[in-house]
Every structure is written in structure tokens, then in C-alpha cells.
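Notes to accompany the following structure.
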Amino acid sequence: MTIVETVTQAIEKTLSQLGISHETEIILEHPRELAHGDYATNIAMALAKTEGKNPRELAEAIAKNITTPDIAKVEVAGPGFINITLIPSFFEREIITILKESDRYGRNEILQGEKIITEFTDPNPFKLLHIGHVMSNTIGESLSRLFEFSGAEVKWSNYQGDVGMHVAKAIWGIMDLGGYEPVLNQSLYEQVTFLGKAYAHGATTYKDNMHVNDMQQLNKKIYERTDDTINAIYDWGRQVSLDYFEVQYKRLGTRHNTTDNKAFDYYFFESQVGNLGKEKAIENLNRGVFEESEGAIIFPGEKHGLHNRVFVNSLGLPTYESKELGLAQVKYDTYPYTSSFIITANEINEYFKVLLKAMSFVFPELAEKTTHIGHGMMKLITGKMSSRTGDVISAEDLLGDLETMAIERAEGKELSPELVSQIAVAAVKFAILKQDTSKDIIFDPEQSLSFEGDSGPYLQYTHARCCSLLKKGGELGIEAQAKQPDGWEVTELERYLYRFPEIVEISLQTRAPHRIANYLIELAQTFNTWYGNTKLVDEGDLATPYRLALTHATKNVINNGLWVLGIEAPESM
RNA sequence: CCACCUGUGGUGAAAUGGAUAUCACAACGGUCUUCGGAACCGUUAUUCCAGGUUCGAGUCCUGGCGGGUGGACCA
């Protein structure tokens with residue numbers, strides 16, 4: 001039984017002893033001020049009115065009767081809070097648990113037996129992997145890890161638009177620039193840069209209302225695969241893009257599956273789900289779910305308080321909407337999930353509401369299992385980042401600049417390329433994950449590059465510092481021992497460490513990795529303050545073994561927390 | 001025009017309806033013969049406006065004002 005359950009039960013018992021029946025749930029929270037205790041409940045204030053009593057008097061009455069072995073002190077404070085302080089040996093037991101469970105500490109079984117499929121990143125072949133994709137990738141990976149940390153079997157998927165007008169624009173651009181042959185023998189980066197240029201050229205031309213017809217015809221030919229020359233360009237461009245994305249996932253530290261060493265378990269493509277989606281739309285047109293309008297097949301979202309959307313356009317081609325229907329089925333056929341999460345930027349939130357409504361008629365069981373999670377957009381303070389490949393900033397450029405800064409920051413200290421990469425990735429991922437992911441992020445590269453304050457590198461540094469202290473203890477022949485010395489005063493650090501599993505649960509329930517990120521910062525600050533004020537490894541001090549145990553516990557919690565965020569925890573840096 | 005999201009120090013953020021609104025950056029001032037200074041300590045400064053619900057509102061409701069995103073053949 002967890003400490004929260006034990007204490008809640010004790011309060012429950014007290015209430016019934018006092019003859020108070022209640023429907024209000026007993027909620028335990030951590031007071032903002034540690035001085036107020038480890039847990040607090042507002043139950044007295046909540047029940048005061050129905051009981052016809054003064055909240056403070058009621059609180060006093062309840063407080064007097066709460067007893068469990070782990071409670072050292074119960075106090076009434078403020079308007080009627082009941083503050084609870086735990087006994088020192090509770091913390092000692094928790095430290096033992098943290099050391100014993102090691103990299104499993106903080107895991108739970110809330111999602112035991114669940115089969116979850118997540119979808120994120122979703123870059124489009126023929127286009128750049130840009131910072132928006134980095135954001136989706138980071139958030140999607142963290143949520144996937146959080147689900148896994150909570151006991152679910154999780155499959156990662158990536159859905160990519162390998163057909164559609166953007167491809168036609170790119171291919172038109174390639175042809176107009178004289179073909180791809182000249183770059184064939186160059187590096188992957190050169191090839192993909194050429195591709196990016198070609199796309200930009202096509203897109204600009206299209207926007208200027210030139211060659212619109214040509215590109216639409218081209219689009220049709222790409223669909224039909226009737227032209228050998230076009231097919232060759234298409235196959236080259238698609239493969240170059242996919243290879244290049246994979247290089248970027250490696251660089252981003254995206255976890256790779258063990259079967260084929262690729263970032264995702266499943267890759268789905270628009271070209272593979274379009275026909276099925278179109279069939280479903282036509283099928284449901286006959287059932288009256290969809291309607292014909294202006295030569296297109298639409299879903300009348302307006303009948304459901306939403307807006308109408310086109311599923312099959314007037315040329316008879318499936319739009320993104322109907323492809324998504326096909327995708328839901330293909331995903332389920334590939335991996336019979338109990339839940340499916342689709343993580344995208346929030347600019348398509350409204351679109352997804354309509355889509356899920358339509359899906360609830362076409363595939364009721366699948367729609368029930370599907371959740372869309374919209375994340376904020378990455379806004380840039382312009383002019384501060386190099387942008388070698390166009391007006392959007394590529395993942396490549398972003399990471400390159402961060403790595404350069406990390407090296408400068410180290411001031412001549414030799415860092416392995418691997419470590420430099422880990423630090424750069426930590427900087428950007430933490431900047432994304434430290435705040436509510438549903439909101440836009442104003443990405444100030446300078447700030448993220450500064451590596452100060454609440455940053456990923458700060459956490460990594462704290463982790464490395466813990467490792468160093470443990471090493472020093474080892475050299476002196478002092479082993480960590482989770483046994484409080486006589487007269488030990490419980491530190492703030494201990495009073496934060498045991499909260500990690502609770503934080504993970506809250507983070508899961510609200511699907512908010514930033515809860516974990518913020519907790520880790522608080523924990524690291526608490527540790528560093530302690531470190532600054534106390535000589536932790538002191539040969540002559542009997543408390544050193546316990547201090548080393550706390551240091552080790554801190555290392556474990558930071559390590560596990562960073563794991564959920566998808567950030568590496570190097571032992572030295 | 002309609003829908004959804006959003007408004008917290010100079011800047012960027014946090015806060016299951018709880019106590020004196022927290023953290024970082026910036027600014028200013030300190031600590032240092034390091035246990036690894038990418039550190040630690042201190043000072044200044046904040047909930048868009050008006051009502052309402054509640055014992056209690058940054059948080060919930062209503063109405064303003066400001067910002068973002070969407071609103072039929074792009075995704």
C-alpha cells in the first residue's frame with residue numbers, strides 16, 4: 001500500500017469515528033511550502049458547511065484522531081488545512097526502494113495489458129524535416145515512453161505523405177531545374193538539399209499561379225504511375241527523403257527498435273491507405289453518412305455542430321480526410337490496438353474533431369479507441385538561427401548550431417562527438433518538454449543554447465555530478481548505505497525524492513510530460529543546494545554512507561525521469 | 001462573420017479550486033585555495049478588464065478587450 005493510500009485510509013477511519021459521512025473525496029496534496037509538512041488535506045474545509053461546524057474546529061477534531069505509524073505530526077493551519085509530517089524512517093525505507101528498484105523506480109502498472117499505438121513526427125517525403133517535426137517527435141516519443149513506463153505495450157508509428165500536390169510541386173521543380181542526375185553521386189545531404197530547393201521552386205511557382213495545370217496533371221500521373229520518367233524521379237526522391245529522415249532520427253536520439261534498427265516500429269504512407277479510404281467514403285455515401293456536393297464527397301459536419309469537410313475531391317481523388325479513415329483500418333490490421341494516439345500540431349485540432357465524428361459512423365469501434373493529441377506550434381524569434389536550406393529551419397541546422405554552441409561552451413575541454421550530440425539534443429528536447437505541450441512554444445535559440453537555469457544540460461550535469469561523487473566515495477572505500485545515522489534530520493532532498501512515482505502518475509493522467517520535467521528541475525535544484533551547503537563525501541563523517549545513498553537515489557530518479565523525456569543521462573560530461 | 005485555443009514579473013514559463021502565486025532568464029549584489037563553477041546565495045519585479053459561483057478563484061461561469069489557429073476539394 002502506498003503512503004497516500006495509508007494516510008487517506010487513516011483520515012477515512014477518523015471521519016467515521018467522528019460520525020461524519022461524506023461524499024467528498026479525500027484529496028492529499030503536497031503543500032507548496034515544505035515547512036507545512038509532507039501532505040495536506042482540505043477535507044475539513046470541504047465538510048465544514050454540511051456539518052455546520054467551524055472549519056478550524058472540525059480540522060482540530062479530525063487532526064487529533066489521525067494516527068498511523070508513518071505519521072510523525074499532524075497540525076492544523078491556515079483556514080483549516082490539516083498538515084501531515086512523515087516520520088524519518090519512512091524516508092529511509094523509500095531510499096532503500098529507490099536504490100533497489102534502480103532503473104525501474106517510478107514505473108507503475110496502470111496500463112498493464114494495454115496495447116497502444118502512437119503516431120507522431122509525420123514528415124512528408126520530398127520536404128524538409130523541420131523544427132515542427134522535431135517538436136512532434138519529441139512530444140510523441142515522451143508520451144510513448146510514458147505509456148510504456150506505465151506498463152503498456154507500445155508500438156511507435158510514423159505516417160508520411162508520399163503522394164499529393166506537394167510531391168507534384170517537388171517533381172515539377174526537379175524537372176524544371178534540369179533533373180536529379182547531377183546530384184546522384186553526391187552525399188545524401190547534398191541530394192536532400194537539392195530536393196528541398198526543387199520543392200521550394202515548385203511551391204513558389206505554384207503560389208504565383210504559374211504552371212498550376214502542369215502540376216495538377218503531374219499529380220495525376222504520379223498517382224497512376226503511368227510515366228516511367230516521372231516514376232524514376234519519384235522513386236529516387238522518396239528514397240532519398242526516407243533515408244535522410246532516418247539519419248535525423250538517429251541524431252535526435254529517437255529510440256530504435258531492435259528488429260531492423262529503425263526509429264519506428266511501423267511506417268505508414270498515404271499512398272498505401274488512399275484507395276481504402278476512398279472505398280469507405282463511397283460505401284458510406286450509400287449509407288447516407290457522406291453526401292455529394294459540388295462534385296465531391298463530403299462529410300456534413302455541420303449537422304453535428306462542426307464544419308463540412310471534403311473526403312473525395314471532385315477529381316475523384318481521396319483527400320487527407322479519407323486517407324485517415326483507411327489509415328485507422330490499416331493500423332488496426334497491423335497491430336490490434338486497445339488505444340491509438342495521434343500526435344500532431346494543434347492547427348488541425350478542428351479538422352480532427354470532424355474526422356473522428358465521421359469515423360464514429362464508419363468505424364465505430366476504432367473511433368472509440370482513437371485519441372488525437374494536439375501540441376503547440378514552435379514559434380521562432382527570427383533572425384537568430386542560420387537557415388541554410390530555405391526559410392524554414394531544418395532539424396539539421398538546429399542541431400548543428402546547438403552542437404557548435406555546446407562545444408564552445410565546454411571551453412576547450414575534449415568532448416566526444418557522442419556527448420556533444422547528447423547535450424545538444426537534451427537542450428532542444430527539454431526546451432520543448434518543460435512546458436505544457438498543448439501550448440505554443442516561443443523558441444528562443446539563444447536561451448536554449450545558453451544551457452543555464454532550467455535546461456536539459458543542467459539536469460545532465462547534476463546527474464554527472466552525482467556519478468562523480470559516488471565514484472569519489474568508492475575511491476575512498478566508502479559505500480553508499482541507506483541507513484540514517486543517529487540523530488539524522490530529514491533533508492529537503494529526501495522529501496522530494498519519494499514523490500517521483502506520484503509525479504509519473506499525474507503526468508500520465510494528464511498526458512503532460514512537463515510535470516516530470518519541472519519536477520526534475522526542482523529535484524536537481526534541491527540536490528545542488530544541498531551539495532553547495534554540505535560537504536557530502538567526508539571521510540571522517542559517519543553520515544557519509546547515507547549521504548552517498550541519497551546521492552545515488554537522486555541519480556536514479558534523474559536518470560529515470562530523463563528516460564521518460566527521451567533524454568540521455570551521461571555519467572560524465 | 002462563425003468555431004476552437006489563448007492572455008501570469010522586463011522576457012519565457014509553472015501552479016489536481018487552497019495557505020504568503022513558483023521557477024528560470026535578464027538586471028544588480030555576493031560566495032570560490034571545487035566534493036566537477038555548465039555551480040551556489042541574495043535583491044528588485046507578476047495573474048488583461050468587469051461582473052458572478054464558492055468557506056476559498058490565476059484556475060470554474062457570463063460579458064468585454066487583445067493574440068493565435070481553423071472554417072470544402074492542401075495537410
>> Go through (1) farther than 26 Å from A:TRP156 by Cβ; (2) within 11 Å of RNA strand B (Cβ to nearest atom) for A:ALA281 and report which single condition fails.
In response: (2)
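Hey, which of the helices (runs of 4 or more DSSP H) in region A:167-254, taking only ones fully inside, have at least 2 residues that are over 32 Å from the mean Cα position of the chain (by Cα), assigned by TED's automatic domain parsing to the domain that holds A:PHE126 and more than 30 Å from A:LEU398 (Cα to Cα)?
Details: elements: A:188-207, A:212-224, A:228-251.
Because the criterion is at least 2 residues that are over 32 Å from the mean Cα position of the chain (by Cα), assigned by TED's automatic domain parsing to the domain that holds A:PHE126 and more than 30 Å from A:LEU398 (Cα to Cα), the helices (runs of 4 or more DSSP H) in region A:167-254 that meet it are A:212-224, A:228-251.
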> Counting only residues that are surrounded by 14 or more Cβ atoms within 10 Å (Cβ to Cβ) and modelled with pLDDT under 85, how many does region A:395-436 have?
Replying inline: 2
> Checking A:ALA464 against (1) more than 10 Å from RNA strand B (Cβ to nearest atom); (2) touching an Asp or Glu at 6+ places or on another chain (Cβ under 9 Å); (3) farther than 19 Å from A:ILE96 by Cα, which single condition isn't satisfied?
Replying inline: (1)
>> For region A:292-309, which positions are part of a strand (DSSP E or B), over 35 Å from the mean Cα position of the chain (by Cα) and either surrounded by 14 or more Cβ atoms within 10 Å (Cβ to Cβ) or within 7 Å of RNA strand B (Cβ to nearest atom) (or both)?
In response: A:SER293, A:ALA296, A:ILE297
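Before we move on, is A:ASN158 in the same structural domain as A:TYR320 (by TED's automatic domain parsing) and modelled with pLDDT of 95 or more? Let's see the steps before the verdict.
Working: in the same structural domain as A:TYR320 (by TED's automatic domain parsing): yes; modelled with pLDDT of 95 or more: yes.
Yes, satisfied.
Tell me which residues, restricted to region A:260-271, are in contact with a helix residue (DSSP H, G or I) (Cβ under 7 Å, 6 or more places away or on another chain) and either within 19 Å of A:GLU224 (Cα to Cα) or within 13 Å of RNA strand B (Cβ to nearest atom) (or both).
Quick first cut of region A:260-271, residues in contact with a helix residue (DSSP H, G or I) (Cβ under 7 Å, 6 or more places away or on another chain) only: A:262-263, A:266, A:268, A:270.
If the condition is that a residue be in contact with a helix residue (DSSP H, G or I) (Cβ under 7 Å, 6 or more places away or on another chain) and either within 19 Å of A:GLU224 (Cα to Cα) or within 13 Å of RNA strand B (Cβ to nearest atom) (or both), then A:PHE268, A:GLU270 are the ones that fit.
Please pick out the residue among A:LYS100, A:LYS127, A:LYS115 that is closer than 19 Å to A:ARG511 by Cβ and of a type in the set (Lys, Arg). It would help to see each step written out before you state the result.
Numbers: A:LYS100 fails: closer than 19 Å to A:ARG511 by Cβ; A:LYS127 fails: closer than 19 Å to A:ARG511 by Cβ.
Testing whether each residue is closer than 19 Å to A:ARG511 by Cβ and of a type in the set (Lys, Arg) leaves just A:LYS115.
Conditions tested, residue by residue: (1) under 25 Å from the mean Cα position of the chain (by Cα); (2) within 18 Å of A:PRO513 (Cβ to Cβ); (3) near RNA strand B (Cβ under 8 Å from one of its atoms).
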position	(1), (2), (3)
A:ILE407	no, no, no
A:ALA410	no, no, yes
A:LYS413	no, no, yes
A:SER416	no, no, no
A:SER421	yes, no, no
A:ALA424	yes, no, no
A:ASP436	yes, yes, yes
A:ASP440	yes, yes, yes
A:PHE443	yes, yes, no
>> When the residues of region A:142-174 are narrowed to those that are farther than 17 Å from A:GLY253 by Cα and hydroxyl-bearing (Ser, Thr, Tyr), which ends up farthest from RNA strand B (Cβ to nearest atom)?
In response: A:SER150
> Which residues, taken from region A:292-317, are aliphatic (A, V, I, L, M) and farther than 23 Å from A:MET165 by Cα?
Replying inline: A:LEU306
> Would you pick out the residues in region A:548-573 that are touching a Ser or Thr at 6+ places or on another chain (Cβ under 8 Å) and at pLDDT below 95?
Replying inline: A:SER572
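Does region A:528-553 hold any residues that are assigned to a helix (DSSP H, G or I) and either away from RNA strand B (no atom under 12 Å from the Cβ) or touching an Asp or Glu at 6+ places or on another chain (Cβ under 9 Å) (or both), and which are they? Quick ask: steps written out before the conclusion?
Taking region A:528-553 and keeping what is assigned to a helix (DSSP H, G or I), we get A:528-533, A:544-553.
The answer is A:THR529, A:TRP530, A:THR544, A:PRO545, A:TYR546, A:ARG547, A:LEU548, A:ALA549, A:LEU550, A:HIS552, A:ALA553.
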> Residues of region A:14-24 being modelled with pLDDT under 90, more than 16 Å from RNA strand B (Cβ to nearest atom) and not small (Gly, Ala, Ser), which ones?
Replying inline: A:GLN17, A:LEU18
> Restricting attention to region A:272-281, does a residue exist that is buried (at least 21 other Cβ atoms within 10 Å of the Cβ), assigned by TED's automatic domain parsing to the domain that holds A:ASP235 and basic (Lys, Arg)?
Replying inline: yes
>> Please count how many residues of region A:25-60 are closer than 17 Å to A:GLU492 by Cα and either within 10 Å of RNA strand B (Cβ to nearest atom) or touching a strand residue (DSSP E or B) at 6+ places or on another chain (Cβ under 6 Å) (or both).
In response: 11
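Restricting attention to region A:471-488, which residues are surrounded by fewer than 20 Cβ atoms within 10 Å (Cβ to Cβ) and touching a residue at least 24 places away in the same chain (Cβ under 8 Å)?
Taking region A:471-488 first, the residues surrounded by fewer than 20 Cβ atoms within 10 Å (Cβ to Cβ) are A:471-472, A:474-479, A:481, A:483-488.
If the condition is that a residue be surrounded by fewer than 20 Cβ atoms within 10 Å (Cβ to Cβ) and touching a residue at least 24 places away in the same chain (Cβ under 8 Å), then A:LYS472, A:LEU476, A:ILE478, A:GLU479, A:GLN481, A:LYS483, A:GLN484, A:PRO485, A:TRP488 are the ones that fit.
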>> Between a residue in region A:289-314 that is in contact (Cβ under 8 Å) with a residue 12 or more places away in the chain and charged (D, E, K, R) and any residue that is buried (at least 18 other Cβ atoms within 10 Å of the Cβ) and part of a strand (DSSP E or B), which pairs come within a Cβ distance under 7 Å, given they are 6 or more apart or on different chains?
In response: A:ARG309/A:ILE298; A:ARG309/A:PHE299
> List pairs: first in region A:356-377 and assigned by TED's automatic domain parsing to the domain that holds A:LYS323, second surrounded by fewer than 16 Cβ atoms within 10 Å (Cβ to Cβ) and of a type in the set (Val, Ile, Thr), Cβ under 7 Å, 6+ apart or cross-chain?
Replying inline: A:LYS369/A:THR338
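Would you call A:LYS439 among the basic types (Lys, Arg), part of a helix (DSSP H, G or I) and at pLDDT 90 or above? If you could, list the steps in order and put the result at the bottom.
On the way: among the basic types (Lys, Arg): yes; part of a helix (DSSP H, G or I): no; at pLDDT 90 or above: yes.
No.
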> Are there any strands (runs of 3 or more DSSP E) wholly within region A:64-153 with 1 or more residues that are outside the structural domain of A:LEU493 (by TED's automatic domain parsing) and within 23 Å of the chain's Cα centre (by Cα), and if so which?
Replying inline: A:115-119
> Can you name every residue in region A:445-456 that is at pLDDT below 90 and either of a type outside the set (Ser, Thr, Tyr) or more than 8 Å from RNA strand B (Cβ to nearest atom) (or both)?
Replying inline: A:PRO445, A:GLU446, A:GLN447, A:SER448, A:LEU449, A:PHE451, A:GLU452, A:GLY453, A:ASP454
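Considering region A:330-351 alone, what residues qualify as being among the aromatic types (Phe, Trp, Tyr) and at pLDDT 95 or above?
Keep residues of region A:330-351 that are among the aromatic types (Phe, Trp, Tyr), which gives A:332, A:335, A:337, A:341, A:351.
The answer is A:TYR332, A:TYR335, A:TYR337, A:PHE341.
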> Applying the selection to region A:333-371, what residues are within 16 Å of RNA strand B (Cβ to nearest atom), surrounded by 15 or more Cβ atoms within 10 Å (Cβ to Cβ) and more than 24 Å from A:ASN284 (Cα to Cα)?
Replying inline: A:ILE343, A:THR344, A:ALA345, A:ASN346
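The values are calculated or read from the model by the stated rules, or taken from the named source; none is laboratory data. Computed from a predicted structure; not experimentally measured. Here Cβ is always computed from backbone atoms with ideal geometry, including for glycine, and neighbour counts include all displayed protein chains.
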